[in-house]
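Trainee: Here it is: the structure, laid out below.
The values are calculated or read from the model by the stated rules, or taken from the named source; none is laboratory data. Remember, it's a predicted structure, so these values are computed and weren't measured experimentally. Here the Cβ is made from the backbone with ideal geometry for all residues, glycine too, and neighbour counts use every protein chain on show.
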Amino acid sequence: MPNRTIRVEQLTRVEGEGGVRLLVRDGRIERAELRIFEPPRLFEALLRGRELTEAPDITARICGICPVAYQMSAVHAVESALGIEVSGPVRALRRLLYCGEWIESHALHITLLHAPDFLGYASGIDMAREHPDAVRRGLALKQAGNDILALLGGREIHPVSVRVGGFYRVPRKRDLAPLAERLKWAREAALETVRWTSGFEFPACDRDYTFVALRHPAEYPFNEGRIASNQGLDIAPGEFEAHIDETQVRRSTALHAQLRAGGAYLTGPLARYSLNFERLSPIAQEAARAAGLTARCTNPFRSIVVRAVEVLYACDEALRIIAEYEEPEAPACEFEPRSGMGIAATEAPRGLLYHRYRIGADGTISEARIVPPTAQNQAAIEEDLRRFGTQFLRLPQEQLRQRCEQLVRNHDPCISCATHFLQLEVLER
Amino acid sequence: MRTPKAKPRLAVWKFASCDGCQLSLLDCEPQLLTLGEALELAYFPEAATAPMRGHYDLSLVEGSISTPRDAERIVAIRRRSTRLVTIGACATAGGIQALRNFADIREFTAAVYAHPAYIRTLATSTAIAEHVPVDFELRGCPVNKRQLLEVISAFLAARRPAVPTHSVCIDCKSLGRACVLVAHGTACLGPVTQAGCGAICPAFQRGCYGCYGPQESPNTLALGRALATLGLDRAHLLRLYRSFNANAEAFRTESERHAQ
């Protein structure tokens, strides 16, 4: 019988512990399973009884690669329960902080995790021997993102400045001047990175994704907007749970999210870009077009180019924010705790990050719900493996394993978030 | 010139954690490629595709032990490692996920999963040193990347790492910062928390929240009296000690005083 099981025992160059199992029948992939065995850390349980002011710092610890995303979703959710709306320079600084995280996280993925797939290396560090300039540029770009985080937040990982109502401390205008100089270099480096990645070879793998991302009337989305899809979904973040189901499957410690109206969907750079192309700044739009992208990108392998375009946008946007920055009168507004429900969705580097908190009159959290982007993308990743995996089945085992890993890595899964290594397991029967 | 085989072999292992501490290694941007020259990054799944094979001269371990499988895995890793260094609050104290140690694990799991029976987890989240001998513990949530480089350099040179064990309070004083506790009446764990972060929270006008765990001789009783004069109730004090290093002995003991 020409049936077999293909296993990727360990998925590498991804964040967290996971594996892949493919069930092959008559030369076709019948089932593809992304297996996640990251130990559950039970954040939604341990948040109960904590003070609302602690939500940003505690949830940041879900992910060391995108702590700002957790801080942003948490702080905006809590603020929505309290009826606080931040505006002006404080709102702009939160966008700037997020720019830093996008640059740092995307530059890491592009340079050290994803590019080695296209150029045939086991790691970015191996790649550096023959592509030293590209690797150094990518690392310096990553550092520019980290510089934003360190300046606004005190440190790159788990920054300490985000506070309900604003920030604990905001920078002086003059503190931002040296950062702007580094970001001008970074914007050029990002432009070069778009060109570099656009020259890679991409397999012909397009499919009709259901994309889900935030949309904002005037901005490329970070912290605000309605949740929209290319299939007509257009809802406020507060309606998320009415439209999206999370179910638990035995093979995964991460819950699987599905649209009630239509199954698997994809969040993240491809979705954000395709739903918001016209909101990118002119330099980012031009670079995307010059790199051969249209206003919509449906080839997951090309996500590396889209990430580079988003890095370029984030550098450009950071420079705009710094140029327009005026120091606020106060770093944060005062508030009185009150009971209520608070919901927010923001755009983590990997996609939509949903938080909901129920808060008691004493200002403590009584219920928490967090839906990370990788949990939402699991079903779409499995669909990619099923659709695109078949054409790679004739490859020798090692190359097949590498292709399957790449099919997962295309979406930069963050498995620590969703609940490291991918296991490839191919079952033929 | 040394051949690649002569380089010490470094491995990076992950248990229950956020990945932030091993990311600190990748955040050493200017030094990363130099590090790649000095060491063989023999096993680092986050950054490189390479199978687990042979013996490792230095193992960096991130994360806590919270599942039966991980409790077995760490024993196997210890056998493969000449030196084993734990990095971060999860690996050195159990991390924020050790809050389960003070709760009912079945209730906790049922609060998150519809089918708790599918989930295999231990009732506790514990430090690596509670399971195997550890050569050095580097504190922090996350670790400080300069301290991480110091630890790696020290092991390459076969010396003890120079990592201070005094309090955040001492750092604040030596940096000439105004005390947020005394001057602003802000609750601060700086007097009982180990330095390492650069005393960043007081610099951001907030109190230290204990990322580096208890310093070598923490006077939690004296701090407790000072915090009580600020009007902090027991629930607040309990939360203050029960965060990222809740299961570190001095913080756990102090928190238990406020638990009833």
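Trainee: Identify the residue in segment B:1-37 that is surrounded by fewer than 18 Cβ atoms within 10 Å (Cβ to Cβ) and modelled with pLDDT of 90 or more and, among all such residues, is farthest from the other protein chains (Cβ to nearest Cβ).
Mentor: So, considering only residues that are surrounded by fewer than 18 Cβ atoms within 10 Å (Cβ to Cβ) and modelled with pLDDT of 90 or more, the one farthest from the other protein chains (Cβ to nearest Cβ) is B:Pro8.
Trainee: May I ask you to list the residues in segment B:196-214 that are over 13 Å from the mean Cα position of the chain (by Cα) and under 16 Å from B:Glu254 (Cα atoms)?
Mentor: Within segment B:196-214, B:Tyr209 is the sole residue that qualifies.
Trainee: Here is a further query. Mind checking whether some residue in segment B:14-33 is among the basic types (Lys, Arg) and in contact with a Leu (Cβ under 8 Å, 6 or more places away or on another chain)?
Mentor: no
Trainee: Among the numbered conditions (1) surrounded by fewer than 20 Cβ atoms within 10 Å (Cβ to Cβ); (2) within 28 Å of B:Val112 (Cα to Cα); (3) touching a helix residue (DSSP H, G or I) at 6+ places or on another chain (Cβ under 6 Å), tell me where A:Gly263 comes up short.
Mentor: (3)
Trainee: Of the conditions (1) over 30 Å from B:Arg120 (Cβ atoms); (2) surrounded by fewer than 21 Cβ atoms within 10 Å (Cβ to Cβ), A:Leu214 fails just one. Which one is it?
Mentor: Result: A:Leu214 fails condition (2) only.
Trainee: Give me a count of the residues in segment B:44-65 that are modelled with pLDDT under 95 and facing chain A (nearest Cβ under 10 Å).
Mentor: Residues meeting the conditions: 9.
Trainee: The conditions are (1) in a helix (DSSP H, G or I); (2) more than 10 Å from chain A (Cβ to nearest Cβ); (3) among the hydrophobic types (A, V, I, L, M, F, W, C), and B:Leu84 fails exactly one of them. Which is it?
Mentor: Tallying (1) in a helix (DSSP H, G or I); (2) more than 10 Å from chain A (Cβ to nearest Cβ); (3) among the hydrophobic types (A, V, I, L, M, F, W, C), B:Leu84 fails exactly one: (1).
Trainee: Could you list, in sequence order, all residues of segment B:93-116 that are more than 8 Å from every other protein chain (Cβ to nearest Cβ) and polar (S, T, N, Q)?
Mentor: Passing the criteria: only B:Asn101.
Trainee: Quick check on B:Pro116: is it surrounded by fewer than 22 Cβ atoms within 10 Å (Cβ to Cβ) and within 17 Å of the chain's Cα centre (by Cα)?
Mentor: No; evaluated as a whole, the condition is false for this residue.
Trainee: Return the pairs, sorted by first residue and then second, in which the second residue is surrounded by fewer than 22 Cβ atoms within 10 Å (Cβ to Cβ) and of a type in the set (S, T, N, Q), the first residue lies in segment A:34-52 and is farther than 25 Å from A:Glu336 by Cα and within 7 Å of another protein chain (Cβ to nearest Cβ), the beta carbons are less than 7 Å apart, and the residues are 6+ apart or on different chains.
Mentor: Pairs that qualify, where the first residue is farther than 25 Å from A:Glu336 by Cα and within 7 Å of another protein chain (Cβ to nearest Cβ) and the partner is surrounded by fewer than 22 Cβ atoms within 10 Å (Cβ to Cβ) and of a type in the set (S, T, N, Q), are A:Pro39/B:Thr67; A:Leu42/B:Thr109.
Trainee: Looking at segment B:128-183 only, could you name the residues that are at pLDDT 95 or above and among the aromatic types (Phe, Trp, Tyr)?
Mentor: Correct list: B:Phe136 only.
Trainee: Tell me, which helices (runs of 4 or more DSSP H) wholly within segment B:149-260 include 2 or more residues that are touching a Phe, Trp or Tyr at 6+ places or on another chain (Cβ under 8 Å)? Let's see the steps before the verdict.
Mentor: Values: elements: B:168-174, B:180-184, B:200-203, B:220-229, B:234-241, B:249-257.
Those helices (runs of 4 or more DSSP H) span B:234-241, B:249-257.
Rundown of residues vs (1) charged (D, E, K, R); (2) modelled with pLDDT under 95, yes/no style:
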| residue | (1), (2) |
| --- | --- |
| A:Val14 | no, yes |
| A:Gly18 | no, yes |
| A:Leu22 | no, yes |
| A:Asp26 | yes, yes |
| A:Pro39 | no, yes |
| A:Glu44 | yes, yes |
| A:Ser73 | no, no |
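Trainee: Looking only at segment A:217-239, which residues are over 21 Å from A:Trp102 (Cβ atoms) and either surrounded by fewer than 20 Cβ atoms within 10 Å (Cβ to Cβ) or more than 20 Å from the chain's Cα centre (by Cα) (or both)? Quick ask: steps written out before the conclusion?
Mentor: To start, the set of residues in segment A:217-239 that are over 21 Å from A:Trp102 (Cβ atoms) comprises A:229-236, A:238-239.
Within segment A:217-239, A:Asn230, A:Gln231, A:Gly232, A:Leu233, A:Asp234, A:Ile235, A:Ala236, A:Gly238, A:Glu239 meet the criteria.
Trainee: So, one more: Can you run down the residue pairs with Cβ atoms below 8 Å, 6 or more apart or on separate chains, where the first is in segment A:161-175 and more than 15 Å from A:Arg91 (Cα to Cα) and more than 10 Å from every other protein chain (Cβ to nearest Cβ) and the partner is of a type in the set (D, E, K, R) and assigned to a loop (DSSP other than H, G, I, E, B)?
Mentor: Matching pairs, first to second residue: A:Arg172/A:Glu327; A:Lys173/A:Glu326; A:Lys173/A:Glu327.
Trainee: Quick one: in segment A:113-138, which of the residues that are more than 19 Å from the chain's Cα centre (by Cα) and of a type in the set (A, V, I, L, M) is nearest to B:Pro51 (Cα to Cα)?
Mentor: Top of the filtered list is A:Ala122.
Trainee: Right, another one. Please tell me if A:Gly83 is surrounded by fewer than 24 Cβ atoms within 10 Å (Cβ to Cβ) and either touching a Phe, Trp or Tyr at 6+ places or on another chain (Cβ under 9 Å) or farther than 22 Å from A:Pro237 by Cβ (or both).
Mentor: For A:Gly83, the condition - surrounded by fewer than 24 Cβ atoms within 10 Å (Cβ to Cβ) and either touching a Phe, Trp or Tyr at 6+ places or on another chain (Cβ under 9 Å) or farther than 22 Å from A:Pro237 by Cβ (or both) - is met.
Trainee: Could you tell me how many of the residues in segment B:84-113 are of a type in the set (Lys, Arg) and surrounded by fewer than 23 Cβ atoms within 10 Å (Cβ to Cβ)? Outline the logic, then answer.
Mentor: Taking segment B:84-113 and keeping what is of a type in the set (Lys, Arg), we get B:100, B:106.
Within this subset, residues satisfying the condition of being surrounded by fewer than 23 Cβ atoms within 10 Å (Cβ to Cβ) are B:106.
Residues in segment B:84-113 being of a type in the set (Lys, Arg) and surrounded by fewer than 23 Cβ atoms within 10 Å (Cβ to Cβ): 1 in total.
Trainee: Only one of these is surrounded by fewer than 21 Cβ atoms within 10 Å (Cβ to Cβ), assigned by TED's automatic domain parsing to the domain that holds B:Ile87 and charged (D, E, K, R): B:Glu130, B:Glu216. Name it.
Mentor: That would be B:Glu130, the only listed residue that is surrounded by fewer than 21 Cβ atoms within 10 Å (Cβ to Cβ), assigned by TED's automatic domain parsing to the domain that holds B:Ile87 and charged (D, E, K, R).
Trainee: Within segment B:67-74, can one find any residue that is modelled with pLDDT under 95, surrounded by 18 or more Cβ atoms within 10 Å (Cβ to Cβ) and not in a helix (DSSP H, G or I)?
Mentor: yes
Trainee: Turning to a different aspect of this structure: If we keep just the residues of segment B:126-142 that are assigned to a loop (DSSP other than H, G, I, E, B) and among the β-branched types (Val, Ile, Thr), which is farthest from B:His166 (Cα to Cα)?
Mentor: The residue in question is B:Val132.
Trainee: Separate question: Checking B:Thr193 against (1) within 24 Å of B:Gln97 (Cα to Cα); (2) over 17 Å from the mean Cα position of the chain (by Cα); (3) not small (Gly, Ala, Ser), which test does it fail?
Mentor: With respect to (1) within 24 Å of B:Gln97 (Cα to Cα); (2) over 17 Å from the mean Cα position of the chain (by Cα); (3) not small (Gly, Ala, Ser), B:Thr193 is out only on (2).
Trainee: Something else about it: Does segment B:134-172 hold any residues that are basic (Lys, Arg) and out of contact with any Leu (no Cβ under 9 Å at 6 or more places or on another chain), and which are they?
Mentor: Kept after step one, since they are basic (Lys, Arg), are these residues of segment B:134-172: B:139, B:145-146, B:159-160.
Residues satisfying the conditions are B:Arg139, B:Arg146, B:Arg159, B:Arg160.
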